[in-house]
Amino acid sequence: MLVKIALAGNPNSGKTTLFNALTGSNQFVGNWPGVTVEKKEGKLKNHKDVIITDLPGIYSLSPYTLEEVVARNYLINERPDAILNIIDGTNLERNLYLTTQLIELGIPVVVAVNMMDVVNKNGDKINIKQLSKVLGCEVVEISALKSTGIAEAAQAALKAAREKKEVVPQHSFSGSVEHTIAHIEEAVLHDLPEQQQRWYAIKLFERDEKIIEKLKIDVKTLSHIEQDIAKCESELDDDAESIITNERYSYIASVIGSCYTKISKGKLTTTDKIDRIVTNRWLALPIFAVIMFLVYYVSVTTVGAFLTDWTNDVLFAEWVAPAAAAGLEAIGCAAWLQGLIVDGIIGGVGAVLGFVPQMLVLFLLLAFLEACGYMARIAFIMDRIFRKFGLSGKSFIPMLIGSGCGVPGIMASRTIENDRDRKMTIITTTFIPCGAKLPIIALIAGALFDGASWVAPSAYFVGVAAIIISGIILKKTKIFSGNPAPFVMELPAYHMPTLGNLLRSMWERGWSFIKKAGTIILLSTIVIWFASNFGIVDGKFAMVEDLGQGFLASIGSLIAPVFAPLGFGNWQAAVAAITGLVAKENVVGTFGVLFGFAEVAEDGSEIWGTLAASFTAISAYAFLVFNLICAPCFAAIGAIKREMNSAKWTWFAIGYQTVFAYALSLCVYQIGTLIIDGTFGIGTVVAFVIVALLLFALFKPYKQSISLKTKGVPQGM
Amino acid sequence: MKLSNLPIGRNAVITKVGGEGALRCRLLDMGIIPKTRIVIRSVAPLGDPIEIRIRDYTLTLRMEDAEKIEVDPIEGEAL
């Protein structure tokens, strides 16, 4: 028989380390249905019939955050055979708060007290036997980091699951609360199994809307129990939610009093000492800047760039591609198929896979920052700035990384817990010019601005401005409206993560990207390759010699008028923008090919003259703005899809980016020509309307909404 | 007085927790309830948020949220 064990605990309690230790490499990583909260399951080592589900790290079973809703829906709807509750021994008080809720569910619970090595080292004592007695469930000591007690914890959970011995909560609340809870049980819950009644009764006492909805309680009964609750509230002179919280914490105080001796009180811990410097009012920002510089420098400029260049220029360009070409030649493969495989697939997917080494280096560093506890400090330091634009303090990291490459930048957004902040960050991160957009900047600067030194910085300025404007505008739309999620965040104690955990986290993220490259990106590059290399020649469908005759060129001519108001309505520019979807640096190469040069330098210096003839300074800058802001390359779109975990949101993101790019670019061209040439037309009017709309969207008041919406979470999960 | 007005390093006891909905629930869940000792440890470089110590662990709060918590300063050494 299949046994299901749920692993529950606070964030930073060592849950992931324990999960890895319990399951080894037998893990499946996915998402909880309908939401972007990561779901991990695995088989217990040496037990094929035991599935362990790693619940999101939560502090409570309240219905207010996505993580809490996901975890509690799983527990009450799936009813696993046992819960293994991991708690941090160095912070019993807050960790036990969740425990008091878990043991009310009527599911067998085993409590694993983690970080016992640290507790012992501090000289503190936890009386495990006594703790087990007062909680009414089995308690084991473990150290997930040192891998001690893991097997015992697994055995205890397995035993509890097999014996189906429900925990009988040992704590009772004060008289009038118990009285009301008994009333509620009697009035609405008598149909439920007895061991489940208490949890539901307490939730009804707290007026938990999701539970009221789930139990389909009619208005009459509801008003009946409402009277009881109101009576209890007036008796205790407090509201229901806070009565229950109070009761729990006073109960925890009594538990701790009976089984915990702390002698290390008052001493400064290592974390305190580190934080005196790291979050110090004057030192915090310089230290943060240095750490960010190091992360960027190592992952984007040095190690990462070296590995990525090697993968692109040596592995794929010198080894894989020639080897594939030779192999295909040898078996007498048709020329077009050879072209597709070597130029289309290996060239296209290779360009994307080339980012993998860089991403892996970055993910390793990010995993370290997260696991050691510094990531929470980043949010603390940067919160003030970013929340003004509807973003999170942690949004800084994706944007910084995005200046190297948007793909890892988008994937770095995963460290942002709040769903809304994360989505907003994903949408805006690629506005920062990435490494592949630099050649476009160099091309435009060189061809039309005499290589003026202000062009490149202005591109970054446009990117940052686009982020700020989008942040403010999107925050005021219906989808992103509502109060900001409460920023009540724990600053966990610093600790040294294990290399194994870091490597695992790095690989999980890297692998999910590689899988994406193998599917959506592969498909897209094939389509683009076909469209550019085939066309109608002399009335027949055939492969074309010159890209100017291909389908892509026809599509380019077809959509070129769309770009006319932006000042670059020629088909070459349209085609270049499309091939930019494969990789942004292709824009330069495409211009080269379309203007009849076989090979161009990275900044396209050969075509500067031709380009200068078909663009004006203003239309070239409009072209630059459009390409900086519009939908990113396929690799980045793939990353957006991966992180949004929803086709709808992915389309929204690239749709928004492209429309926004179009609007900005239009304003640049139309208002620019008005200032310089004094040309005034319909386009100018449209540009001013857009500016007016933007200003209106920027300065209109916020829509207020009272509750944080967690809609979209299927109830039946 | 409001928690947001409490000087850094000064001990206090929570007397009332305001706010509503998700924020209030979150504050309560994290153990910010009346009769609990609390102290502000430091302030972020840009003046907001603040770092507080409660129930033997460290938490960050925004100033606007700290305004919703009433405290009574008490004597004694910092937690």
Near the amide H of B:Val39, under 5 Å away, which other amide H atoms are found, from residues 5 or more places off or on another chain, if H is placed in the peptide plane?
-> B:Arg53
The whole-number value in µm²/s of the Stokes-Einstein translational diffusion coefficient for the stretch A:374-428, with Rh from the Kirkwood sum over alpha carbon pairs at 10 °C and 1.306 mPa s, is 148
Work out the mean other chain Cβ neighbour count within 10 Å for the residues of B:10-22 and drop it here as an integer.
-> 2
Summarise the partner chain shielding of B:31-42 as one whole number: the mean count of Cβ atoms from other chains within 10 Å of each residue's Cβ.
-> 3
Pairs A:Lys394/A:Lys437; A:Lys203/B:Lys16; A:Lys146/A:Lys262; A:Lys125/B:Lys35; A:Lys125/A:Lys394; A:Lys267/B:Lys35: which are spaced more than 28 Å apart, C-alpha to C-alpha?
-> A:Lys125/A:Lys394
Net charge over other residues, Cβ less than 15 angstrom from the Cβ of A:Ile86 (K, R count +1; D, E count -1) = -2
Evaluate the Kirkwood expression for the hydrodynamic radius of the stretch A:484-633, namely the inverse of the mean inverse distance over all pairs of different C-alpha atoms, and round to one decimal in Å.
-> 18.4
The answer for chymotrypsin sites (Phe, Trp or Tyr not before Pro) in the stretch A:279-378 that fall in a DSSP coil and have at most 12 neighbouring Cβ atoms within 10 Å is A:Trp282
What base-10 log of the normalised intensity I(q)/I(0) is obtained for the stretch A:153-234 from the Debye formula, alpha carbons as equal point scatterers, at q = 0.20 Å⁻¹?
-> -0.89
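Only Lys, Arg, Asp and Glu count, each charged at its Cβ (+1, +1, -1, -1), so figure out the dipole size of the stretch B:3-73 about its Cα centre, rounded to 20 debye.
Its charge dipole is roughly 240 debye.
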Would you mind working out the magnitude of the charge dipole of the protein assembly as shown relative to its Cα centre, with +1 at each Lys and Arg C-beta and -1 at each Asp and Glu C-beta, to the nearest 20 Debye?
-> 880
State the percent of C-alpha pairs, over all pairs in the stretch A:305-354, separated by a distance greater than 12 angstrom.
-> 58
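In square nanometres, what is the average projected area of the Cα convex hull of the stretch A:251-296?
5.5
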Could you go through the stretch A:39-46 in sequence order and give the Karplus-derived ³J(HN,Hα) for each residue, using 6.51 cos²θ - 1.76 cosθ + 1.60 with θ = phi - 60°, rounded to whole Hz, and x for Gly and Pro?
-> 10, 10, 10, x, 8, 4, 3, 6
Debye intensity ratio in log₁₀ form over the Cα atoms of the stretch B:3-73, taken at each q of 0.21, 0.26 Å⁻¹ = -0.82, -1.31
Charge dipole of the protein assembly as shown about the Cα centre (unit charges at C-beta), most positive-ward option of A:Ile83, A:Thr17, A:Met375 | A:Ile83
FRET efficiency for A:Thr679 and A:Lys700, Cβ-Cβ distance as r, R0 = 25 Å, nearest 0.05?
-> 0.20
Can you give me the relative contact order of the stretch A:3-163 as a percent, contacts being Cα pairs under 8 Å and 6 or more apart?
-> 25
Peptide-level mean, for B:49-56, of C-beta atoms on other protein chains within 10 Å | 5
If you project the alpha carbons of the stretch A:3-163 onto their three principal axes, what span does each projection cover, largest first, in Å?
-> 46, 36, 29
Fewest-first sequence of A:Leu438, B:Leu61, A:Leu664 by Cβ atoms within 10 Å of each Cβ | A:Leu438, A:Leu664, B:Leu61
If you take all C-alpha pairs in the stretch A:110-208, what percent of them are over 16 Å apart?
-> 67
A:Ala112 long-range amide H proximity, modeled H, under 5 Å = A:Asn85, A:Ile86, A:Ile87, A:Val140
Ranked packing of A:632-642, A:124-134, most packed first, by mean Cβ within 10 Å | A:632-642, A:124-134
Compactness summary of the protein assembly as shown: radius of gyration and Dmax from Cα atoms, Å, are 29.7, 93
Which value, in Å to one decimal place, does the Kirkwood hydrodynamic radius take for the stretch A:194-291 when every pair of different Cα atoms is included?
-> 18.0
Could you tell me which of A:Val356, A:Ala465, A:Ser234 has its Cα farthest along the dipole of the protein assembly as shown towards the positive end, charges placed at Cβ (Lys, Arg +1; Asp, Glu -1), taken about the Cα centre?
-> A:Ser234
From the residues A:Ala622, A:Val168, A:Pro56, which one has its Cα farthest along the dipole of the protein assembly as shown in the positive direction, the dipole being from +1 and -1 charges on Cβ of Lys/Arg and Asp/Glu about the Cα centre?
-> A:Val168
About the Cα centre, charge dipole magnitude for the stretch A:175-246 (Lys/Arg +1, Asp/Glu -1 at Cβ), debye | 300
Determine, for A:Phe699, A:Phe380, the number of other Cβ atoms within 10 Å of each Cβ, and report the residues in order from fewest to most.
-> A:Phe699, A:Phe380
Residue-count net charge about A:Gly350 - beta-carbon cut-off 11 Å; Lys, Arg +1, Asp, Glu -1 = -2
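Readers should treat all values here as calculations from the given coordinates under stated rules, not as data from a laboratory. Keep in mind that this is a model prediction, so the values were computed, not measured. Methodologically, a virtual Cβ is constructed for each residue, glycine included, from the backbone with ideal geometry; neighbour enumeration extends over all protein chains shown.
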